[in-house]
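So the structure is just underneath, and the comments pick up after that.
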Amino acid sequence: MTPVALEKRPSRDKRKGGAKRELSPAARRRSLTGWAFLIPAAALIGLMMFWPMFQALLLSFQTGRGSALDWADPLTFNYSRMLEDDIFRLTLTNTLLYLVIQVPIMLISALVLANILNNPKLRWKGFWRTAIFVPAAISLVSYSLVFRTIFATDGLVNDALLGIGLIDGPINWLGETDTARLVIILGLLWRWTGFNVIFYLAALQNIDPTTLEAAKMDGAGPIRTFFSVTIPQMKPMILLTVIMSTNGTIQMFDESYNLTRGGPANTTMTMSHYLFDVSFQNNPNFGYGAALSYVILIIVAVLAAIQMKVGDKRD
Amino acid sequence: MTKFRSGVVMAAAATLAFSLTACSSSDDTTEGSGGDSSAAAAGDNTLTVWAWDPAFNIYAMEEAEKVYQEEHPDFTLDIQEVTWEDLQPRLTTLAQSQEFDELPDIFLMQNNAFQKNAINYPDLFTDITDSPIALDEFPEGVVAYSTVDGANYGVPFDSGTAVSALRTDILEEAGYTVDDFTDISWDEYIEKGKDVLAKTGKPMLSGIAGEPDTILMMLQSAGQSLFDDEGNPTITDNAALSSAIDLYSQMVESGIYLEVNSWDEYIGSLVNGNVAGTINGIWISGSLQTAEDQAGNWAMTNLPMIEGVDGATHYSANGGSSWAISSNANVELAEDFLASTFAGSTELYDTILPSAGAVANWLPAGDSDVYAEPQEFYGGQPVYADVISFGAEVPANNTGAYYYEARDAVGVAITQIMGGTDAASALGEAQSTVEFAMN
Amino acid sequence: MAPAKAPTRATARWRGVPKYVFLSIVALLSIGPLYFMVVSATNTTQDVLASSMLPGTNLLANWQSLTEFQDVGSAMYHSIINAVVTTVLALVVCSIAGYGFEVYHSPNKDRLMWVLMLAMMIPFAATMIPLFQLFADAGLINSTWAVVLPAIATPLLILLFRQSARSFPHEIIEAARLDGLKEVAIFFRMFVPTMKPTYAAAAVITFMTAWNNFLWPKVILVNPDYQTMPMLISNFTGGYVVDYGALMLAVLITSLPTIIIFFVLQRSFVAGFTGVVK
């Protein structure tokens, strides 16, 4: 059984009917116990996620700098203001660019690596696993600063590339838009690919070995087997990782803040980083910040909905 | 036993869910280890201070503590290092939540950010207009940074007077002296710079790509800023700004201005001897002097002038900071402390000047002999006396609440222009970005 | 790509080579930056900037320069407290909820589960400002609670535990009930010990997330005395002169706890996510 079932639970559950119709005192007490089990988590999620989300909605209809907040006129002022915000558009483009380029590369690499690591005949398996997993244990701020250092103009990467003669002069990695974005993407790939390999390895262990045997019997080669037998069985896990990565990328802050500081000329800045600047670094505009955050929320929700739909369809 | 344990767990879970309200009044003061840093909790003779540079303003604070302790032996300071990039969000956060209890007694503020904070959040500050601190002993232009509607909120600390620091040994190699770079125009500077580059392979100066410090110094040297007197952004139709940007592009293109990516690369270019000089606020002296092997090879002079722009001078400023007394302070003690140190102790400035290069804004300090002393690091030049005389010539300009937004927007525009975008459209975009932020 | 039937031994060996080359490159890229980080922690700033790949002798000096102005002990203490408290509470709260959703499930509870899953889509950035005001109103700024409370209940963990509860044999529960065990006791005595791998996986994920948490602590922990390790190293580059050797040492120290936890629990980690009961 895979750990993912965002969809409704299977209806053929035999425990379902009995509980509802006539509740014996024991069953009722049990049901109450069940509620008691859920309440701490539900209350926390309500208070720490849903309530602030509702507050943010109210806040997004207010304007003013600092603590002098007032209802906007019209109420949607912050949202219409956003349409003229070039920096917002830039950060949106940046964030989506990271999403579109980095997430597919990362997940495909992770799938390939997980499949290789899952091969029982693989030698030095422990070493490979460790090497691939270990970046996932490094803190985001730490690795951002390490990457910042090795991609400096006189940093390790330039030295290495110059050393093997691939480039003639040092590349100003963090100083040019394209290369700075590339560094962020490379950083994300480095940090998160191994993390996803862990999930895929877990999913691979759940694959029914008889289906693989059957594919072999049918004369399917390893690649064919991978696509027509392995991948379909891993679909729930792939869906989960797609949603998690999408969510993480859309909300990315640490890398933008620590690795490139959003530069050059805001061309690597993410939406969350801009939100932070608007709210805390510049003349504080919390109403506008909240409106920005709602746009982030809507993007995440729409993408997640699309992903679940697509994930469902191929069943 | 089981029953007891399960009861405890359920109780714990329930408490947890509602701990927000339940624990709010009692637990917060006891969390963590060293929670007594807020002014209210500290003793009567202790002031908490936020400042950001151990080699510079934190050091100056430590020396001020010693000076004040001579008269008040029980007095202590609790100085906490908070980088500027972190201090601004913290102030915003605290002001927004009205959590003034968490403020230190005194915090350092960038002069350029003072208006923004004092306008948005006057609650953060204590008005020191009528305090024993003699603000009339500071240059008017500097006090203006921390003055909003006639109320003063800050005691000026370091001077941001700009200097052109030069490596005499490199210039000599190219056949020049410091005099060749004194009282010149930017055109001459560029011409000579190209020659220096050709003969020594070293660019004249360096700066962080996308940070408009150099351009803003040029701008202020002509008495201009990014805002007009009414506080409207003037990024377009600004003759001084377009000349400055034009000069800047010429310098970058000819290779005499080395663009680097970060502050530490910038400092590196200076202390590693990769450039023949730099143009910055006098506070850069503290960093220059870390390159002990270059002692005797540095000199300072005034800035090149933008030709053809009204009001152009050889003098400008960059940076500088002021001490603010928070609204949570032990006001009497904090005022007395600042009045007897940063606004009243020649001894203090005499100490911090040579060791940290902290040039005072406090006018009486300039009369001290220490300022007239020849500095060995600068080849025997009495640089600090020179800087004081420069300081008197710096044209005033206004910063306003949106200085940082404008500064960032100009930084973006410069990056775009360096990348090939047409200057007029890049500046137009910057103008609308600032107008947008103010809207 | 044609299906290869019964390859000869020679081709089989040859076929393996690209795989090992590929793995070696991946491993090199993976470990390279870490090796640089470890080596740089022992080097001077000059050596770090010169990209020295050899260990130096500057470790002690870096440590001194790191601790001269930075209270590493305090930051470490707060990081550990925050991460440990978060992890322990998250495991208790989420596992009991996941178990509750599965074992006592009813249509209403399923609906609640569905609503809670929606929270997975809420980006933290969207809740940050109101959350901040909530904690400010409650007077909880600078408190461990402010860091911990928002991180305890996460949809992902609840989901994980509900899935593992689904694979937990229901007969065990029935049998325990017949033996007169209380519901809570069944959870703690039967479920928890069986689900150790799931707990390990959940612990690793939660601990790492809590340890790495940066934006929220940066906002809510205003007093420098409460700063955590990620905040400390981020601020490290904000000064006027950066000591890279000391920075790399700080980065290394910040990474050590998560690396250790990860290696200790690595095996259970994969097993936990498979959700298989041994």
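If you roll a 1.4 angstrom probe over the protein chains with everything in place, what fraction of the accessible area of segment B:80-164 belongs to carbon and sulfur, to the nearest %? Roughly 42 percent, rounded to a whole number. The GluC sites (Glu not before Pro) found in segment B:311-420 that occupy coil by DSSP, while having at most 16 further C-beta atoms within 10 Å, are B:393. Segment B:234-273 and segment C:111-172 have Cα centres spaced 48 Å apart.
Rounded, prolate or oblate: which fits chain B when a ≥ b ≥ c are the square roots of the eigenvalues of the alpha-carbon gyration tensor, with rounded for a/c under 1.5 and prolate only if a/b beats b/c? Prolate shape, in that a/c is at least 1.5 and a/b is the bigger ratio.
The mean sequence separation of alpha-carbon pairs under 8 Å and at least six residues apart, normalised by the residue count of chain B, gives a relative contact order of 24 percent. For segment B:96-133, accessible area lost to neighbouring protein chains reaches 50 Å² or more, against the chain alone with a 1.4 Å probe, at B:96, B:99, B:102, B:120.
The protection proxy used here, the mean number of other Cβ atoms lying within 10 Å of each residue, ranks peptides A:27-34, A:187-194, B:294-301 as follows, highest first: A:187-194, B:294-301, A:27-34.
Applying a threshold of 25 Å to the alpha-carbon distances of B:66/B:116; A:216/C:19; A:309/C:196 flags B:66/B:116; A:309/C:196 as lying beyond it. The value of relative contact order for chain C, using C-alpha pairs under 8 Å at least six residues apart, is 31 percent.
The portion of the accessible surface of segment A:126-212 made up by carbon and sulfur, rounded to a whole percent, is 64 (1.4 Å probe; DNA, RNA and ligands excluded). Spin-label model, residue B:253/residue C:68: points 7 Å from Cα along the beta carbon direction are separated by 4.4 nm. The A and B chains share an interface that buries close to 2700 Å² of accessible area, total over both sides, probe 1.4 Å. Applying a length cut-off of 18 Å (Cα extent along the axis) and a mean Kyte-Doolittle floor of 0.0 to the DSSP H helices of chain C leaves C:9-40, C:72-103, C:124-137, C:196-212, C:244-274. Average partner chain C-beta neighbours within 10 Å, per residue of C:67-74? Mean number of neighbouring Cβ atoms from other chains: 2.
Here is the list for segment B:203-304: GluC sites (Glu not before Pro) lying in DSSP coil, each with at most 13 other C-beta atoms within 10 angstrom of its C-beta, are B:230. Converting phi to 3J(HN,Hα) with the Karplus coefficients 6.51, -1.76 and 1.60 and the offset θ = phi - 60°, segment B:307-314 yields 7, x, 10, 4, x, 5, 9, 9 Hz in sequence order, with x at every glycine or proline.
For chain B, modelled as a Gaussian network with Cα springs under 10 Å, which listed residue fluctuates most, B:151, B:64, B:222? Of B:151, B:64, B:222, the Gaussian network model singles out B:151 as fluctuating most.
Between the listed residues B:363, B:92, B:244, the Cα displaced farthest toward the positive end of the dipole of chain B, a dipole computed from Cβ unit charges relative to the Cα centre, is found at B:92. Based on the Kirkwood radius over alpha-carbon pairs, what value in µm²/s does the Stokes-Einstein equation return for the translational diffusion coefficient of the protein assembly as shown at 20 °C and 1.002 mPa s? Answer, rounded: 69 µm²/s.
What residue among C:122, C:80, C:141 has the largest mean-square fluctuation in a Gaussian network model of chain C, using Cα springs under 10 Å? Maximum fluctuation in the GNM of chain C, among the listed residues, is at C:122.
Placing +1 on the Cβ of every Lys and Arg and -1 on the Cβ of every Asp and Glu, with nothing else charged, gives segment B:320-427 a dipole about its Cα centre of roughly 440 debye. With both bridge residues required to lie in the protein assembly as shown, what share of the DSSP beta bridges run antiparallel, to the nearest 5%? Roughly 65 percent of the beta bridges in the protein assembly as shown run antiparallel, per DSSP. Burial of accessible area (probe 1.4 Å, heavy atoms of protein chains only) in segment C:34-52, relative to its chain alone, reaches at least 20 Å² for C:34, C:36, C:49, C:51.
Comparing Cα centroids, segment C:186-235 and segment B:87-142 end up 36 angstrom apart. Chains B and C: buried accessible surface, both sides, probe 1.4 Å, rounded to 100 Å²? Buried area between the two chains comes out at roughly 3700 Å². Centroid-to-centroid, using Cα positions, segment C:42-106 and segment B:423-439 are 42 Å apart. Compute the FRET efficiency between residue C:179 and residue A:124 as 1/(1 + (r/R0)^6), taking r as their Cβ-Cβ distance and R0 = 30 Å, and round to the nearest 0.05. Calculated value: 0.05. Rounded to the nearest 500, the helix-only mean residue ellipticity at 222 nm of chain A stands at -20500 deg cm²/dmol, with each DSSP H run of n ≥ 4 adding -39,500 (n - 2.57). One decimal place: the segment residue B:373-residue B:393 gains 5.1 nm when fully extended, by the rule 0.36 nm per residue minus the C-alpha distance. Among the residues of B:79-92, the average count of other protein chain beta-carbon atoms within 10 Å of the residue beta-carbon is 6. In percent, rounded to a whole number, the relative contact order of chain A is 28, using alpha-carbon pairs under 8 Å and six or more apart.
Per-residue ellipticity at 222 nm computed for chain C from its helices equals -23500 deg cm²/dmol, with DSSP H segments shorter than 4 residues left out and the rest contributing -39,500 (n - 2.57). So what is the calculated 222 nm ellipticity per residue for chain B, using -39500 (n - 2.57) for each DSSP H run with n of 4 or more, over all residues, to the nearest 500 deg cm²/dmol? So the helix-based figure for chain B works out to -13500 deg cm²/dmol. Overall shape: oblate for segment B:285-330, with the ratio a/c of the largest to smallest alpha carbon gyration tensor axis at 1.5 or above and b/c at least equal to a/b. Projecting each Cα onto the charge dipole of segment A:86-313 (Lys/Arg +1, Asp/Glu -1 at the beta carbon, about the Cα centre), which of A:150, A:194, A:91 comes out farthest on the positive side? Ranked along the dipole, the leading option is A:194. Of the solvent-accessible surface of chain C, computed with a 1.4 Å probe and all protein chains present, 68% belongs to carbon and sulfur.
Comparing C:24, C:79, C:234 in a Gaussian network model of chain C (Cα springs below 10 Å), the most mobile by mean-square fluctuation is C:24. Taking trypsin sites (Lys or Arg not before Pro) across segment A:272-315, the ones in a DSSP loop with at most 15 further Cβ atoms lying within 10 angstrom of their Cβ are A:314. Buried accessible surface for the C/A chain pair comes to about 8900 Å², total over both chains, computed with a 1.4 Å probe.
A 1.4 Å probe run over segment A:86-313, with the rest of the protein chains in place, finds 36 Å² accessible per residue.
Computed with a 1.4 Å probe over protein heavy atoms only, the accessible surface of segment C:55-183 comes to 35 Å² per residue. Let me make sure I get this right: for segment A:86-313, a, b and c are the square roots of the gyration tensor eigenvalues over alpha carbons, sorted descending. Under 1.5 in a/c it's rounded, otherwise prolate if a/b > b/c, else oblate. Which is it? Because a/c hits 1.5 or more and a/b fails to exceed b/c, segment A:86-313 counts as oblate.
The values are calculated or read from the model by the stated rules, or taken from the named source; none is laboratory data. Please read these numbers as outputs of a predicted model, since none were measured by experiment. So basically every Cβ, Gly included, is an ideal-geometry build from the backbone, and we count neighbours across all protein chains shown. For the accessible areas, the whole protein counts, side chains as well, though only heavy atoms, and no ligand, DNA or RNA atoms are used. Shrake-Rupley method; radii C 1.70, N 1.55, O 1.52, S 1.80 Å.
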